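Trainee: Pasting in a structure now, in structure tokens, and then I'll have a few things to ask.
The values are calculated or read from the model by the stated rules, or taken from the named source; none is laboratory data. Everything quoted here is computed from the prediction, not taken from an experiment. Quick reminder, even Gly has a Cβ in these numbers, built from the backbone with ideal geometry, and neighbours come from all protein chains shown. Only protein heavy atoms, including side chains, enter the accessible area calculation; ligands, DNA and RNA are left aside. Shrake-Rupley method; radii C 1.70, N 1.55, O 1.52, S 1.80 Å.
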Amino acid sequence: MTVDEIWAPLRVELDRWHDAGRIARLWLRDDDAAEPTPALGRLLELTRTARVPLTLAAIPATSGEPLANRLRVEAHVLVALHGWAHTNHAGTDEKKQELGAHRPMDTVLGELRDGLAILLRLFPQQLVPMLVPPWNRISKVLIPELSGLGLEALSTYGRAQAGGPIPLLNTHVDIMNWHGVRGGRPHAELIAELVGELRARFHDDAEPIGILTHHLVHDATAWDFLARLFAHTTDHPAVAWKSARVLLS
Ligand SMILES: [Zn+2]
């Protein structure tokens, strides 16, 4: 298959949206920022050039002035709270979790409170008060407590359930393969997933589609997917890339 053939299903679906006078809302979340790196620089340049708003989930325990200084000049970037230290507290037979039920609730909430204070100080203009739990997992008992900390939204992975105690702004298409050989997933597979998310929203677009990336572990396949995704969507009249702030307002 040629590159054009691989991307054709997305063009067809977006053209269908355009013919119906509909506009699909997309947003981009990238996780695990803590310091400026060449990979972060590449992501910032790619999104800036494509004019795609970016929400970086930053790890407060390890973020500092270098990251703040680097991001301050990037008007298209917002920062969200990525747990506390991205430390796994789950047992070896469980999926990884920092915000699970393994420790007293006050301990976990105290870390989130401290983390939010750090990010507010580092990113006073760019912080969006949204929690991105490490590994996209959080104990259900913590969720009703988040607004008391000053958090206004939660972002995990998968279709959001409406009616919870805090607004959800989720991601739905994860470009990385976390099993087996780590790297970007095949483009055709990602396009099929994105088209599936679009089809599910054709009649009821209640939830924007979140694309999830992890700049520190991108290989050539992952970087290439992002570049091509932007090329195919940013100039399409049926697509609007939105910032988390706009989507939550
Ligand atoms: Zn993470």
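Trainee: Given the options E35, E45, E74, name the one that is open to solvent by 30 Å² or more (accessible area, probe 1.4 Å), part of a loop (DSSP other than H, G, I, E, B) and of a type outside the set (A, V, I, L, M, F, W, C). Let's see the steps before the verdict.
Mentor: On the way: E45 fails: part of a loop (DSSP other than H, G, I, E, B); E74 fails: open to solvent by 30 Å² or more (accessible area, probe 1.4 Å).
It is E35.
Trainee: Turning to a different aspect of this structure: Tell me, please, whether a residue that is within 16 Å of the ligand (Cβ to nearest atom) and farther than 17 Å from L109 by Cα can be found in segment 182-189. Show your work before the answer.
Mentor: In the first step, residues of segment 182-189 are kept if they are within 16 Å of the ligand (Cβ to nearest atom); the result is 182.
Then drop every residue that is not farther than 17 Å from L109 by Cα, which leaves 182.
Checked segment 182-189: at least one residue is within 16 Å of the ligand (Cβ to nearest atom) and farther than 17 Å from L109 by Cα.
Trainee: A follow-up question, please. List the number of the failed condition for L109; all other conditions in (1) open to solvent by less than 60 Å² (accessible area, probe 1.4 Å); (2) over 20 Å from the mean Cα position of the chain (by Cα); (3) over 18 Å from L146 (Cβ atoms); (4) hydrophobic (A, V, I, L, M, F, W, C) hold.
Mentor: Exception for L109: condition (3).
Trainee: Among the residues of segment 112-135, count how many are crowded, with 19+ Cβ neighbours inside 10 Å and out of contact with any helix residue (DSSP H, G or I) (no Cβ under 8 Å at 6 or more places or on another chain).
Mentor: Summing the residues that are crowded, with 19+ Cβ neighbours inside 10 Å and out of contact with any helix residue (DSSP H, G or I) (no Cβ under 8 Å at 6 or more places or on another chain) in segment 112-135 gives 4.
Trainee: Of all residues in segment 112-137, count the ones that are within 16 Å of the ligand (Cβ to nearest atom) and either touching a residue at least 40 places away in the same chain (Cβ under 8 Å) or within 20 Å of P53 (Cβ to Cβ) (or both).
Mentor: Initial filter on segment 112-137 (within 16 Å of the ligand (Cβ to nearest atom)): 112, 115, 119, 130-137.
From the residues that got through so far, the ones that are either touching a residue at least 40 places away in the same chain (Cβ under 8 Å) or within 20 Å of P53 (Cβ to Cβ) (or both) too are 115, 119, 130-135, 137.
Result for segment 112-137: 9.
Trainee: To continue, here is another question. What residue, among those in segment 52-68 that are out of contact with any strand residue (DSSP E or B) (no Cβ under 8 Å at 6 or more places or on another chain) and in a helix (DSSP H, G or I), is nearest to A85 (Cα to Cα)? Before you say what the answer is, go through the steps one by one.
Mentor: First, the residues of segment 52-68 that are out of contact with any strand residue (DSSP E or B) (no Cβ under 8 Å at 6 or more places or on another chain): 61-62, 64-66, 68.
Still in the running and in a helix (DSSP H, G or I): 61-62, 65-66, 68.
Numbers: A61: 5, T62: 7, E65: 16, P66: 17, A68: 17 Å.
Here the residue is A61.
Trainee: Another question about this same structure. Identify all residues within segment 77-103 that are open to solvent by 70 Å² or more (accessible area, probe 1.4 Å) and either in contact (Cβ under 8 Å) with a residue 40 or more places away in the chain or within 14 Å of the ligand (Cβ to nearest atom) (or both); write none if there are none.
Mentor: Those that are open to solvent by 70 Å² or more (accessible area, probe 1.4 Å) and either in contact (Cβ under 8 Å) with a residue 40 or more places away in the chain or within 14 Å of the ligand (Cβ to nearest atom) (or both): K95, K96, A101.
Trainee: A further question follows. Under 9 Å between Cβ atoms, at least 6 apart or on separate chains: pull out the pairs that start in segment 179-208 with a residue that is touching a residue at least 40 places away in the same chain (Cβ under 8 Å) and end on any residue that is among the polar types (S, T, N, Q) and assigned to a loop (DSSP other than H, G, I, E, B).
Mentor: E207/N170; P208/N170
Trainee: Further question: Could you check segment 48-70 and list, in sequence order, the residues that are open to solvent by less than 10 Å² (accessible area, probe 1.4 Å) and touching a helix residue (DSSP H, G or I) at 6+ places or on another chain (Cβ under 8 Å)? Give the derivation first.
Mentor: Restricting attention to segment 48-70, the residues satisfying the condition of being open to solvent by less than 10 Å² (accessible area, probe 1.4 Å) are 52, 54-58, 60, 67-68.
Residues satisfying the conditions are V52, L54, T55, L56, A58, P60, L67, A68.
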